[in-house]
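The values are calculated or read from the model by the stated rules, or taken from the named source; none is laboratory data. From a predicted model like this one, the values you see are computed outputs, not experimental measurements. Glycine also receives a Cβ, built like all others from the backbone with ideal geometry; neighbour counts cover every protein chain displayed. Accessible surface areas use protein heavy atoms only, side chains included; no ligands, DNA or RNA. Shrake-Rupley method; radii C 1.70, N 1.55, O 1.52, S 1.80 Å.
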Amino acid sequence: MRVAFGVLGPTVAESDGRALALKGPRHRAVLARLVVARRRVVPVTHLVGDLWTDPPPGAVGAVQTFVAALRRVLEPDRPSRAPARLLITDGPGYALRPEPDAVDAWRFETAVGAAARLPATQALPRLEEALALWRGPAYAEFEDEDWARGERSRLAELRLQAVEQRARTQLDLGLAAEAVPDLDVHLAAHPWREDAWRLLALALYRQDRQGDALGVLRRARAVLADQLGVDPGSRLRRLEADILAQDPGLDPPAGPTATAARLWTRTAAAYDRTVAAGARARLETTVSLIRNLAVTGGGGLAAARQHRMEAIAAAEEFGDPDLTARVIGAYDVPAIWTRSDDPELARRIVDAAERALTASPGDAHEASRCRLLATIALETRGSRAPRGPQAAREAEEIARRLDDPALLAFALNGAFMQSFTRAGLAPRRDEIGAELVELAARHDLVTYEVLGHLIRLQARGALADFAAADRHAAAVDRLAERHELPLAGVFTQWYRALRLAASGQPAGAETAYRDAAARLDDAGMPGLERGLLPLALLCLRVQRGRTWSDTDPGPVEIDPGADWGPYRPWAAPFALLASGRRAEARAVLRALPEPPRDLMYEACCCLEAVVALEVGDRDVLERARTRLLPAAGELAGAGSGLITLGPVEDHLADITTALRAPTSPVPPR
């Protein structure tokens, strides 16, 4: 049982987060007195003198009784007559020998000392954690005891210095606004702290509040004169002069970016010096860098794709399937789009993962196997082969059995990618997204929390629940801004264009789509980008002709020379209809393959139905109805979070009406 002690407030002892019963005040006093001694022996005679001003007869025996009671609480499982390990007897007295990090006051001192040697970006969280340890005045119930007075004063001064050190660190990081409230509270209790006055004035000045800054300095002058009878020191006087002169030297430093850049350079150099060039550790560290590179957007994602296969190939050269499995599985970058950016790369990764699974020994680590299976599920997205769904199921089963949150998040991403076996599965994807959001938020898996919100944005959009989808979009934007995840904003911008389209605002939607497409230019996601804008505009015009006009708008005109990417087969019949080539349009329509099993499945099926209605092709209409019936309650295409063709049930109604008429097709509504 590991026992922790708290003296930054009332004296307490805890084990596994559970408070231990320390009985009466003198038991606590003995414990606190031994903590003050910092692992040194305190003679029994000193303890007696510290506990009583006028010791009673039998005081030594009473101290021994207190110690025995404390031992029973601190080491309840210690066999009788076995020597104590925590509260020990040593010569003429006793010593408390906890681990160095088992006393909150000691942890506080260590953290503050370490923060002074760290760059600002790392120092600030250490200081925040250190100051959070305080629950009240140190040794709170012993403020009148001589043995506690010196330690109480020392710790109180360290705390004041830590508060001011935190403020300086915040200013170094360009966080002047964050520093002001704590400094105000600090000075209200300790108005003689000249450096705190200086920091507060500087923080206000850096927020363009020159008058407030000068007011603080005047207040400091008055407080120091009234309470201490002294004038401000040279640093306060100099700051006042500099503010009046608007000295450029008072401007904020370069900020966190420059600090982080210096830290990166130093750390990379140290790693390069200490880790051997051929070490496997380098390969695994490289994959971690590639993974982080992938979420930075633009060139980072493209570079990550390029280097990922190189890392896998390098791992295979070692001939160690476990290393290969770790390198493949370490790239657990959340994926939301169901079409691969590089199908050939995806095929090679799947092949490598299958080789690693085959070569791994029968007792291979289950977590590695799970990651390989999840990778296969992700990289076979959009495929009709049964391997992807099978791998997704196996990965999810292993992850749940291991009760590993990060592993489960990765496996759920694979399950999402394989949830397109037919139309109408938005509710299933909504369940996956909901579990991801809850799991990731509970375990601080930020990128997977973003993924969960994006999945729910898509699913709720498909189900026409735009109020919920809006909330998920807002959550994505908040997380993306806080954690520097620029790619997430690409999807929320496209979603807001979809919202305009779904609400019957074609002009606004077209502008929004073009703006969103411009953002894709540097996003590094060709699987998403290629053909998306022409498809969005086609869907917008088809929907406008079906639902936003009381007159027949005529054929939908499209630009056949645009880069339609993977959507060209579904655009071609519209181009032929626009040029009056109905027979050719019908022939092309009949030759269309089944749409890929991805987020655009329902949209492509509806586009086929629209053309089939125009040319009167009953076979294609029957086929479209069969495919679309499971999605009758959804908005066509809105499950992508990008486009829509209106309610699927409206398309089904048009199909049903046309199939009931034996002669000519019914024009689309």
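Taking the Cα centre of the range 159-262 as origin and assigning +1 to Lys and Arg Cβ atoms and -1 to Asp and Glu Cβ atoms, the resulting dipole is close to 180 debye.
Computed 3J(HN,Hα) for the range 342-350, one whole-Hz value per residue from the Karplus formula 6.51 cos²θ - 1.76 cosθ + 1.60 where θ = phi - 60°, is 8, x, 5, 4, 4, 4, 5, 5, 4, glycine and proline marked x. Label separation (HIS46 vs ASP465): 6.6 nm, computed from points 7 Å beyond Cα along the C-beta direction. Got a sec? Which residues in the range 180-204 would a label at VAL223 touch, if it sits 7 Å along Cα→Cβ and we count backbone N under 11 Å? Taking a point 7 Å out along Cα→Cβ of VAL223, the residues of the range 180-204 whose backbone N falls under 11 Å are 183-201. When only the Cβ of Lys, Arg, Asp and Glu is charged (+1, +1, -1, -1), the dipole of the chain relative to its Cα centre reaches about 860 debye.
Note that the chain presents 46 Å² accessible area per residue, ligands and nucleic acids not counted, probe 1.4 Å.
Note on the chain: dipole from Cβ charges, positive end direction compared against LEU500, GLY136, VAL230; the farthest Cα belongs to GLY136.
With θ taken as phi - 60° and the Karplus curve 6.51 cos²θ - 1.76 cosθ + 1.60 applied, the whole-hertz 3J(HN,Hα) list for the range 202-217 is 5, 4, 5, 4, 6, 9, 6, 10, 4, x, 5, 4, 5, x, 4, 5 Hz, x standing for glycine and proline.
In this structure, the amide hydrogen of TYR94, modeled 1.01 Å from its nitrogen in the peptide plane, lies closer than 5 angstrom to those of VAL42, VAL44, counting only residues at least 5 positions away or on a different chain.
Counting only alpha carbon atoms, the long axis of helix 648-660 and the longest principal axis of the chain meet at about 20°. Between the range 203-236 and the range 359-411, the C-alpha centres lie 62 angstrom from each other.
Between ILE432, ALA523, LEU535, the Cα set farthest toward the positive side of the dipole of the chain (charges on each charged residue's Cβ, about the Cα centre) is that of ILE432. Between ASP208 and ARG85, the FRET efficiency from the beta-carbon distance, with R0 = 51 Å, is close to 0.30.
Take each peptide in 230-242, 450-462, 589-601, 194-206, count the other Cβ atoms within 10 Å of every residue, and average; sorted highest first, the result is 450-462, 194-206, 589-601, 230-242. The residues packed around VAL112, meaning those with a beta-carbon under 12 Å from its beta-carbon, carry a net charge of 0 if Lys and Arg are +1 and Asp and Glu are -1. Note: the chain, Cα convex hull, 234 Å³ per residue. The modelled label-to-label distance for the pair GLU431/ALA241, using points 7 Å beyond Cα in the direction of Cβ, is 7.4 nm.
One chain, two ends: ARG72 and GLU622. Fully extended at 0.36 nm per residue, the span grows by 190.0 nm beyond their Cα-Cα distance.
Per-residue ellipticity at 222 nm computed for the chain from its helices equals -21000 deg cm²/dmol, with DSSP H segments shorter than 4 residues left out and the rest contributing -39,500 (n - 2.57).
If the label point is 7 Å along Cα→Cβ of LYS23, which residues in the range 77-103 have backbone nitrogen under 16 Å from it? Taking a point 7 Å out along Cα→Cβ of LYS23, the residues of the range 77-103 whose backbone N falls under 16 Å are 77, 87-88. Mind pulling the angle between the C-alpha long axis of helix 506-520 and the longest principal axis of the chain? Nearest 10 degrees, somewhere in 0 to 90. Between the helix axis and the principal axis of the chain, the angle is about 60 degrees. Averaging the Cα positions of each part gives two centres, and for the range 305-352 and the range 1-63 these lie 58 Å apart. Taking the C-alpha atoms only, the angle from helix 120-131 to the longest principal axis of the chain is near 60 degrees.
Identify, among CYS370, LEU70, VAL611, the residue whose Cα sits farthest towards the positive end of the charge dipole of the chain, taking +1 on the Cβ of Lys and Arg and -1 on the Cβ of Asp and Glu, with the dipole about the Cα centre. Toward the positive end, the furthest listed residue is LEU70. In the range 564-669, the portion of solvent-accessible area held by carbon and sulfur atoms comes to 55 percent [1.4 Å probe, whole percent, DNA, RNA and ligands not counted].
The slack in the chain from ARG348 to SER153, taken as 0.36 nm per residue of separation less the alpha-carbon distance, amounts to 63.6 nm. Our estimate of slack between ARG393 and ALA507, defined as 0.36 nm per intervening residue step minus the Cα-Cα distance, is 36.7 nm. Give, as ranges by residue number, the residues of the range 37-59 whose backbone N falls under 13 Å from the point 7 Å along Cα→Cβ of LEU160. None, by backbone N distance to the label point.
For the range 64-186, carbon and sulfur atoms together expose 50% of the accessible surface, with a 1.4 angstrom probe and every protein chain in place.
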